[in-house]
Amino acid sequence: MRRTYFLITAVFGLSMAGFAQTTSSDSQTMQSLLTEVRQLRQDLQVSFTRMESAQILLSRLQIQQVAVSRASQHLDDARTKLAEVQVVIRSETAEIKHYEDAPGNGENQAQAEAALNHAKSDLEVSTNLAQQRQSIETDAELQLRTEQDKLSRLESLLDELVEKIGNPSQPNRLPR
């Protein structure tokens, strides 16, 4: 009888010890799974945030590319208009030189003098216009450089973000 009692106690004792270990093992497994799910959720949120940032940056990049194109076109137009005025100035300068070098005759002298004065007046107007066009060209160059700098900064931010997407261990910092 003692043997039977001892055998029953040993069997129940071992099964209780096994059950206690299973519960502890299950609890550890559940805790490990819960930790992993939380980490996956956090990683997913970081990925979504980075993707949203990338979309915003791509939109800003496209807008900035349009601004650079516009500034470039404005500069080209300013240069073309300045070149046109410079051609007119050269023509008027040659015309003035022609009238100054022409020998004066009595009746043609008055007409030549009037044409010379008119050409000098036109040259003065063209010179003033050339100065205005030069100023516009300088402003357009400055604007183009500014827009190109903005574009370069956006491209750098996008490069950083692409690098972070490829390396998820980096901390998330939203670009501005």
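The values are calculated or read from the model by the stated rules, or taken from the named source; none is laboratory data. Predicted model only: the values in this text are computed from it and were never measured. Because the Cβ atoms are built from the backbone with ideal geometry, glycine has one as well, and the counts that use them run over all protein chains shown.
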_Neighbours by Cβ (under 7 Å, 6+ apart or cross-chain): first from segment 112-127, closer than 9 Å to TYR99 by Cβ; second part of a helix (DSSP H, G or I) and not aliphatic (A, V, I, L, M)_ = ALA112/TYR99; ALA115/TYR99; LEU116/TYR99; LEU116/GLU100; ALA119/GLU92; ALA119/GLU95; ALA119/TYR99
*Of the residues ARG3, ARG38, which is in a helix (DSSP H, G or I), on the phi < 0 side of the Ramachandran plot, modelled with pLDDT of 90 or more and charged (D, E, K, R)?*
ARG38
*Mind listing whichever residues of segment 60-102 are within 18 Å of THR127 (Cα to Cα) and free of Cβ contacts under 8 Å to residues at least 24 places away in the same chain?*
THR80, ALA83, GLU84, VAL87, ARG90, SER91, ALA94, LYS97
*Give the residue, chosen from LEU123, LEU129, LEU158, that is surrounded by 16 or more Cβ atoms within 10 Å (Cβ to Cβ), at pLDDT below 95 and either touching a Lys or Arg at 6+ places or on another chain (Cβ under 7 Å) or farther than 30 Å from SER47 by Cβ (or both).*
LEU123
*Pair list, Cβ < 7 Å and 6+ apart or interchain, from segment 41-59 residues that are in a helix (DSSP H, G or I) to residues that are at pLDDT 90 or above*: LEU57/LEU154; LEU57/LEU157
_Just the residues that are among the polar types (S, T, N, Q), modelled with pLDDT of 90 or more and surrounded by 12 or more Cβ atoms within 10 Å (Cβ to Cβ), please, taken from segment 45-68._
GLN64, GLN65
